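We did not get these values from a lab; they are worked out from the coordinates using the rules stated. Everything quoted here is computed from the prediction, not taken from an experiment. Heads up, the Cβs are rebuilt from the backbone with ideal geometry, glycines too, and the neighbour counts pull from every protein chain shown.
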Amino acid sequence: MPLELIDTGGVKPVFVCDYCDNEITDAFDGNFQWNYPPQDVKRITDIKFLHKKCTKLYSEKFGIIDCSLGMENLMVYLLNNLGLTTERLEKAYESALITSQL
Ligand SMILES: [Zn+2]
């Protein structure tokens with residue numbers, strides 16, 4: 001499972017690499033990858049999260065994955081899709097500082 005919660009005395013959500021099982025700590029050091037779906041499929045649920053250095057190793061072991069984008073792009077898409085504008089994101093960040101392990 002690439003999105004996990006780590007118990008650090010609080011809850012710390014992290015992305016974990018599907019190849020090496022280590023936390024991805026830098027968005028610019030990770031990719032999310034998926035295979036191009038058949039024409040009638042509208043939802044893709046099999047998404048892999050990989051360190052960029054692990055992408056080739058993963059493909060050699062499990063097969064090539066068709067599509068890939070950097071995790072920094074994923075975060076922008078998710079922020080946009082969740083309506084987290086810069087102002088709202090700042091409020092959420094302040095709230096998270098109080099309640100979590102940022
Ligand atoms: Zn990795």
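Every residue, every condition in (1) of a type in the set (A, V, I, L, M); (2) within 15 Å of the ligand (Cβ to nearest atom); (3) within 26 Å of ALA96 (Cα to Cα), yes or no:
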| position | (1), (2), (3) |
| --- | --- |
| GLU4 | no, yes, yes |
| ASP7 | no, no, yes |
| PHE49 | no, yes, yes |
| GLU60 | no, yes, no |
| GLY63 | no, no, no |
| ASN73 | no, no, yes |
Worksheet, complete the sentence: Scanning segment 1-33 residue by residue, the ones that are assigned to a loop (DSSP other than H, G, I, E, B) and acidic (Asp, Glu) total 3
Worksheet item: Residues in segment 13-28: is at least one more than 15 Å from the ligand (Cβ to nearest atom) and either closer than 23 Å to THR99 by Cα or of a type in the set (S, T, N, Q) (or both)?
Response: yes
Worksheet item: So is ASN31 under 17 Å from LEU3 (Cα atoms), surrounded by 14 or more Cβ atoms within 10 Å (Cβ to Cβ) and among the polar types (S, T, N, Q) or not?
Response: yes
Worksheet item: Can you pull out the residues in segment 34-56 that are in contact with a Phe, Trp or Tyr (Cβ under 6 Å, 6 or more places away or on another chain) and either part of a helix (DSSP H, G or I) or surrounded by 12 or more Cβ atoms within 10 Å (Cβ to Cβ) (or both)?
Response: ILE47, PHE49, LEU50, CYS54
